[in-house]
Structure formats: C-alpha cells, structure tokens
1. Answer yes if at least one residue in the range 22-30 is in contact with an Asp or Glu (Cβ under 9 Å, 6 or more places away or on another chain), assigned to a loop (DSSP other than H, G, I, E, B) and at pLDDT 90 or above, and no otherwise.
2. What are the residues in the range 50-95 that are part of a loop (DSSP other than H, G, I, E, B), buried (at least 18 other Cβ atoms within 10 Å of the Cβ) and of a type in the set (Val, Ile, Thr), if any?
3. So is LYS9 assigned to a helix (DSSP H, G or I) and either modelled with pLDDT under 60 or in contact with a Pro (Cβ under 9 Å, 6 or more places away or on another chain) (or both) or not?
4. Within the range 43-63, is even one residue among the hydrophobic types (A, V, I, L, M, F, W, C) and either over 18 Å from THR22 (Cβ atoms) or out of contact with any helix residue (DSSP H, G or I) (no Cβ under 8 Å at 6 or more places or on another chain) (or both)?
5. Taking the conditions exactly as written (closer than 17 Å to LEU82 by Cβ and either without any contact (Cβ under 8 Å) to a residue 40 or more places away in the chain or outside any helix (DSSP H, G or I) (or both)), does LYS38 satisfy them or not?
6. Which residues, taken from the range 55-72, are hydrophobic (A, V, I, L, M, F, W, C) and modelled with pLDDT under 95?
Amino acid sequence: MKHYGSVLKQAVQHQASHYGYTPAKVFTSVFKNKSFSKASEELHLTQPTISNHIKALEDEFDCKLFDRLGRTILPTKEAEVLYSHSLKLLKRWLF
C-alpha cells in the first residue's frame with residue numbers, strides 16, 4: 001500500500017481541477033454515510049460516478065477500501081486509515 005498522504009494529495013489536485021469533486025470528498029462521504037447511494041445524494045452525483053471515484057482510489061492504493069455485502073458496505077482497515085488522512089486534507093483545502 002502506498003503512502004496515503006502524498007498520493008491522495010496528488011489525486012485531489014488532479015481531479016479537483018477536472019471534476020470539481022475530489023476523491024477525498026467522495027471517499028469521505030461514502031465512509032461517513034456507509035452508502036454509495038447516500039453519498040451520491042449528498043454530493044449530487046450519480047451512483048456510478050461515486051463508484052468510479054472509489055474504484056480509482058482502490059486502484060491507486062492497490063487495496064480494497066470497502067467490503068461490499070449486497071447493499072451494505074463496510075469500511076476496511078485501509079479505509080479507516082485513509083479516512084483520517086482525508087479529513088485532514090479536506091480541512092486544509094476547505095478552510
């Protein structure tokens with residue numbers, strides 16, 4: 001697994017300029033809501049867009065962030081670590 005902070009920062013800078021929504025913001029919403037569909041409602045994005053953001057992060061970090069059990073998702077240990085980094089990063093970018 002790569003170093004979360006630097007990789008996430010690069011992904012945020014790249015995707016924020018192209019999409020307006022950072023992977024950190026999408027990931028944080030999915031983590032907080034424990035739901036892809038609730039995150040899509042909160043961020044006003046389609047559910048496939050949310051899924052694509054999470055898949056891109058999983059590919060970037062070479063790990064699974066959520067265990068998908070039907071309509072239920074459970075954060076993995078890697079997601080727990082990434083969540084704390086995402087909150088710090090978003091706090092710096094938003095304030």
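The values are calculated or read from the model by the stated rules, or taken from the named source; none is laboratory data. Since the model is a prediction, treat every value here as computed from it, not as a measurement. Cβ coordinates were reconstructed from backbone atoms using ideal geometry, including for glycine residues, and neighbour counts include every protein chain displayed.
1. No, the range 22-30 contains no residue that is in contact with an Asp or Glu (Cβ under 9 Å, 6 or more places away or on another chain), assigned to a loop (DSSP other than H, G, I, E, B) and at pLDDT 90 or above.
2. From the range 50-95, those part of a loop (DSSP other than H, G, I, E, B) are 62-65, 70-71, 76, 95; that's our starting set.
Checking the rest, the ones that are also buried (at least 18 other Cβ atoms within 10 Å of the Cβ) come to 65.
If the condition is that a residue be part of a loop (DSSP other than H, G, I, E, B), buried (at least 18 other Cβ atoms within 10 Å of the Cβ) and of a type in the set (Val, Ile, Thr), then no residue fits.
3. yes
4. yes
5. Numbers: closer than 17 Å to LEU82 by Cβ: no; either without any contact (Cβ under 8 Å) to a residue 40 or more places away in the chain or outside any helix (DSSP H, G or I) (or both): yes.
Against the criterion (closer than 17 Å to LEU82 by Cβ and either without any contact (Cβ under 8 Å) to a residue 40 or more places away in the chain or outside any helix (DSSP H, G or I) (or both)), LYS38 does not qualify.
6. Of everything in the range 55-72, those that are hydrophobic (A, V, I, L, M, F, W, C) and modelled with pLDDT under 95 turn out to be ALA56, LEU57, PHE61, CYS63, LEU69.
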